[in-house]
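Values in this text are rule-based calculations from the coordinates and carry no lab data. Here the structure is a predicted model, which is why all the values come from computation and not from measurement.
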Amino acid sequence: RGRIKHLDVVTLLRRIQPPLGFGKFCPHRVACKRLVCMNMPLNSDGTVTFNATLFALVRTALKIKTEGNFEQANEELRAIIKKIWKRTSMKLLEQVIPPIGDDEVTVGKFYATFLIQEHFRKFMKRQEEYYGYRPKKNPVEIQVGSIIEEEAAPEIHRAISGDLTAEEELERAMVEAAMEEGIYRRTGGLFGQVDSFLEPSSPLQPQVASQRPLQFTEVGSEDLDSP
C-alpha cells in the first residue's frame, strides 16, 4: 500500500545510511527532531505514505523552503511544483504538501509533543534531585499548561531549550541554604565563582586595640627608707 506506521519510521530511517537516512549512530532524540522538521501528514490509522516521507527527506536534506513560516513556505513550494511540473496530479501534490486549512495531525505535531513530555520529565527529575522531593502541582496550572501545549504544538519545529528561570531559582535556593548552614566560601560547580564572607566593603574589618604606654613615677628616698 506504500504506507508504514509512524513509530516504525524512526527505526527504518536509522537503518538507512546517510544522506537518505539517519544512520544507525543517530540518537533517538535527534531522529525525533528531524521528524518534527519533516512534518509528514499522518493518516487516521497512524501511518504515513511513502511519497510524503521521501519528499520530506529530500526537502529537509536540501533545505528546500524550510525557513520562515511553514505554511507560507508550503504554498510557495506548491506554486513552484505546479509551474515546473504541470502534469503533477493534485492528489499526489496534496499528499506530499497539504494545503493551508487542513487542520490534520502530522508527524511533526506528534513528535513535538513527545519531545515536550520528555523535556518536562527531565525538568521534574532535576527538581526532585535538587530539592529532594517532587513539588506539588496545581490542577489549574496543569490544565492551563496542557491548553498552551496544544495551541503551540503546530508551530513547534524544534526541541525546547532549558529553562533558565528555573536554574536561577535553584541556584538562589542553594545559596540561601549555604548561608543558613554557615558556609561562607563557595567555589566552582553550580556557582562558577568564588565569594568571600569578608568583602572589601564589608563593615566587619579586623580591628587592632590601641594600648597606652607604660607610665613611671619617681619615688623619693624617704619612701624607700620608711618601714
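Can you work out the Karplus-derived ³J(HN,Hα) for every residue in the stretch 55-61? Use 6.51 cos²θ - 1.76 cosθ + 1.60 with θ = phi - 60°, whole Hz, and x for glycine or proline.
My calculation for the stretch 55-61 gives 5, 5, 4, 5, 5, 6, 5 Hz in order.
List the residues whose amide H sits under 5 Å from the amide H of residue 106, counting only those 5 or more places along or on another chain, with H placed 1.01 Å from N in the peptide plane.
Distant-sequence amide H within range of residue 106: 42.
Using only the Cα atoms of the stretch 1-99, build the gyration tensor, take square roots of its eigenvalues as a ≥ b ≥ c, and label the shape rounded, prolate or oblate: rounded if a/c is under 1.5, else prolate if a/b is larger than b/c, else oblate.
In terms of gyration-tensor shape, prolate.
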